[in-house]
Amino acid sequence: MNKTEWQSAKVKKMFQNALREADCEVTFEKMDGTIRVMRCTLRPEVLPELKGSNVKKPDEILPVWDLENEGWRCFDIWTVQKFVKDDEIIYENCNI
């Protein structure tokens, strides 16, 4: 998949929409090369009150609420290997 800005925005929006609707499981490669499986969400009823962090993140970086560690984490959308919502795979990187 070509990493154009349009594709980046489209993939990020797809992930954000899924995360706003449900708890999801994301498998991705961390910066150190290890693989992580994270249960996360962006459902408003689960998120803590935001205290105004205006840190600008690159377009490929998606901040999420980690349900197991109960804290904010982020991942690079281009390192996602599998994205599962409601037990349905909505994205799988065929290069894994």
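Descriptive notes on the structure:
- First in region 4-33 and among the charged types (D, E, K, R), second anywhere and in a helix (DSSP H, G or I) and surrounded by 13 or more Cβ atoms within 10 Å (Cβ to Cβ), Cβ under 6 Å, 6 or more apart: LYS12/ILE77; GLU29/THR79
- Qualifying residue in region 51-68 (condition: over 21 Å from ALA9 (Cβ atoms), at pLDDT 95 or above, not hydrophobic (A, V, I, L, M, F, W, C) and not in a strand (DSSP E or B)): yes
- Within region 2-45, the set of residues being within 13 Å of ASP76 (Cβ to Cβ), acidic (Asp, Glu) and outside any strand (DSSP E or B) comprises ASP32 only.
The values are calculated or read from the model by the stated rules, or taken from the named source; none is laboratory data. In this text the structure is predicted, and so the values were computed from the model without any measurement. We place every Cβ from the backbone using ideal geometry, glycine too, and count neighbours over all the protein chains shown.
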